[in-house]
Amino acid sequence: MFFAILFMSVAAGVGGAILGLGGGIIIVPALTLLLHLPIRYAIGASIVAVIATSSGAAAAYIRDRLTNLRIGIALEVMTTLGALTGASVAGWVSPRWLYIVFGLLLAYSAFALLGRLQMELPGEVPYDPLAARLRFTGEYYDQALGQRVPYTATGVIPGGAMMYLAGIFSGLLGIGSGLFKVLAMDVAMRLPMKVSTSTSNFMIGVTAAASAGVYFARGDVHPLVAAPVALGVLSGAWLGSRIMGQLRNTTIRKLFIPVLALVAVGMIVRGIQLP
Amino acid sequence: MRTQLDAIHAVRAPADDNGTMRAVVSALLRYGVVFSALVTLVGLGLLLVQVGPKAFVSMPSIRAPETTDLTSLRAVLGELVPPEPEAVMDAGILLLIATPAVTVGTAAISFALEKDWLYMGITTFVFAMLMLGFAIGGGIIPGKS
């Protein structure tokens with residue numbers, strides 16, 4: 001049992017660190033379906049896993065200049081505002097339609113990303129005055145390409161709007177914000193894929209930390225489940241952050257699209273099944 | 001015609017490349033993670049000593065609908081002396097949860113030191129949101145323990 005949780009968590013940590021996701025998509029079904037743990041402990045453990053994925057990889061990503069702290073922190077404003085909105089309208093919206101609408105949105109994004117499968121770097125992007133005002137720009141050394149990659153963001157307003165939506169969604173349902181964050185930065189703001197996933201990786205930890213207190217107070221963070229998950233995910237995320245630098249942006253996108261499609265289908269199915 | 005990058009580099013202040021801040025934030029994250037992992041490992045070690053290897057094989061208590069009574073900072077700290085394995089593990093997990101908050105707080109201070117008021121404001125807002133989350137969570141507010 002203990003080693004099954006540990007092993008599964010290492011895998012979730014590696015995947016989460018490379019794709020900028022929290023790994024809740026892997027952790028919750030694995031703990032409930034494979035190990036038959038109560039759902040509340042699975043969700044409590046997945047919140048801990050998100051923070052572990054983020055913190056375990058962020059040290060390396062920030063040092064290597066992959067994470068853009070400025071973009072991450074500024075967008076975090078939209079996410080936290082969204083989360084507050086989500087929490088306050090929770091009684092008014094039907095989760096069923098929310099799952100279906102967001103599922104369709106993700107499915108559409110998966111198709112949109114297919115067209116950009118071969119695109120290694122975004123290249124020249126349209127000028128956005130807001131990006132210039134907020135200094136959404138940076139440069140990192142790409143280990144796979146062996147060159148320095150300067151980049152700058154565009155589409156700050158649509159990107160910010162997507163972040164707000166991501167916040168609403170995670171405030172209402174407690175999941176899925178990593179996917180939306182990567183999408184907002186990759187599709188709307190046209191940042192290099194590696195910058196998108198590592199900045200998302202930094203952000204999800206901050207978002208999850210804000211709600212972790214609630215889960216802890218409710219007693220959903222069971223030490224015997226959360227401890228192996230935390231240790232496993234931390235070591236997995238550390239490993240993942242070593243691997244990610246070597247990968248090509250196109251490879252990361254190729255790994256991202258099937259995960260996106262799977263989650264989209266899962267959400268739509270869940271929405272239809274809800275009473 | 002100049003490119004967008006040129007335009008932005010021209011706007012950018014010379015001291016913009018905040019290498020020191022990156023180093024500090026990165027180091028804080030690394031130490032926070034290593035420290036919390038060590039505390040969690042000590043908790044697991046205590047469990048091995050007090051309960052024996054069977055605690056790792058079966059984990060029967062999780063399947064039962066019983067809940068953990070360690071739901072607040074005060075409850076966890078109270079069980080640390082003498083060290084209760086589950087409380088030590090929880091202390092490690094709480095340290096992990098606190099790591100992103102410390103990172104954001106440090107970033108706010110770094111932006112203030114660089115006199116980057118726009119980003120100091122933005123970061124302080126995010127930090128305040130985090131604190132609000134912790135306060136709502138009851139990890140700080142007594143009563144549930």
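The values are calculated or read from the model by the stated rules, or taken from the named source; none is laboratory data. Just so it is clear, the structure is predicted and the values come from calculations on it, not from any experiment. No Cβ is skipped: glycine too gets one built from the backbone with ideal geometry, and neighbour counts run over all protein chains shown. Calculation scope for accessible area: heavy atoms of the full protein, side chains included, ligands and nucleic acids excluded. Shrake-Rupley method; radii C 1.70, N 1.55, O 1.52, S 1.80 Å.
Using Cα pairs under 8 angstrom and six or more residues apart, how large is the relative contact order of region A:124-197, in percent?
Working: 84 pairs, mean separation 20.3, N = 74.
Relative contact order, region A:124-197: 27 percent.
If A:Y141, A:Y164, A:Y99 are ordered by their accessible area, calculated over protein heavy atoms with a 1.4 Å probe, which sequence runs from highest to lowest?
A:Y141, A:Y164, A:Y99
Choose one answer from A:F180, A:F102, A:F216: the residue with the largest mean-square fluctuation in a GNM of chain A with alpha-carbon springs under 10 Å.
A:F216
Just add up the charged neighbours of A:R63: K/R +1, D/E -1, any other residue whose Cβ is under 11 Å from the Cβ of A:R63. It would help to have the intermediate numbers written out before the result.
Details: positive: A:R65, B:R22, B:R30; negative: A:D64.
After counting each charged neighbour, the total is +2.
Divide by every residue of chain A the summed helix terms, -39500 (n - 2.57) for each DSSP H run of at least 4, and state the resulting mean residue ellipticity at 222 nm, rounded to the nearest 500 deg cm²/dmol.
Computed ellipticity for chain A at 222 nm equals -23500 deg cm²/dmol.
Can you give me the accessible area per residue for region A:1-116, using a 1.4 Å probe, in Å²?
Values: 4320 Å² over 116 residues.
On a per-residue basis, region A:1-116 sits at 37 Å².
Using Cα-Cα distances under 8 Å and only pairs 6 or more residues apart, what relative contact order does chain A have, in percent?
Once normalised by length, the contact order is 41 percent.
Given the options A:L21, A:L172, A:L34, which has the most mean-square fluctuation in a GNM of chain A, springs set between C-alpha atoms less than 10 angstrom apart?
In the Gaussian network model the winner is A:L34.
Let me know the whole percent of all Cα-Cα pairs from the protein assembly as shown that are separated by more than 42 Å.
Details: 9231 of 87990 pairs.
Value for the protein assembly as shown (Cα pairs over 42 Å): 10 percent.
How much accessible surface does B:W117 have with a 1.4 Å probe, in Å² rounded to 10?
Ignoring ligands and nucleic acids, B:W117 comes out at about 150 Å².
Going by amide H atoms built from the backbone, whose H comes under 5 Å of the H on A:Y141, apart from near neighbours?
For A:Y141, the qualifying residues are A:V149.
Kirkwood Rh over Cα pairs of region A:69-205 into Stokes-Einstein at 4 °C, 1.567 mPa s: D in µm²/s?
Estimated via Stokes-Einstein, D reaches 83 µm²/s.
Say we join alpha carbon atoms closer than 10 Å with springs in a Gaussian network model of chain A; which of A:R63, A:R135, A:R248 then has the biggest fluctuation?
Greatest mean-square fluctuation among the candidates belongs to A:R63.
Normalising by the residue count of region A:1-124, find the relative contact order in percent from Cα pairs under 8 Å and 6+ residues apart.
Relative contact order here is 17 percent.
Distance between the C-alpha centers of region A:161-220 and region A:136-155? Whole Å please.
First find each Cα centre; the distance between them is then 22 Å.
Non-local amide H neighbours of A:D128 (under 5 Å, H modeled in plane, Pro and chain starts lacking H): which ones?
Result for A:D128 returns nothing.
Residue by residue, what Karplus-based ³J(HN,Hα) values in Hz, rounded to whole numbers, does region A:190-205 have, using 6.51, -1.76 and 1.60 with θ = phi - 60° and x for Gly and Pro?
6, 8, x, 3, 5, 5, 4, 5, 6, 6, 4, 4, 5, 5, 4, x
Would you mind counting up the charge near A:M185? Only other residues with Cβ under 14 Å from its Cβ, with Lys and Arg at +1 and Asp and Glu at -1.
Once all neighbours under 14 Å are counted, the net charge is +3.
Each residue of region A:233-245 in turn: what ³J(HN,Hα) in whole Hz from Karplus with 6.51, -1.76, 1.60 and θ = phi - 60°, glycine and Pro shown as x?
Per residue, the Karplus-derived 3J(HN,Hα) values read 5, 4, 5, x, 5, 4, 5, x, 5, 6, 6, 4, x Hz.
Taking amide H atoms as placed 1.01 Å from N in the peptide plane, list the residues 5 or more away in sequence, or in a different chain, whose amide H sits under 5 Å from that of A:L247.
Distant-sequence amide H within range of A:L247: zero hits.
Could you give the angle, 0 to 90 degrees to the nearest 10, between helix A:39-63's Cα long axis and the longest principal axis of the Cα atoms of chain A?
Taking the Cα atoms of chain A, the angle to A:39-63 is about 30 degrees.
Please work out whether region A:154-205 counts as rounded, prolate or oblate from its C-alpha gyration tensor, where a ≥ b ≥ c are the square roots of the eigenvalues and a/c under 1.5 means rounded, while otherwise a/b larger than b/c means prolate and anything else oblate?
oblate
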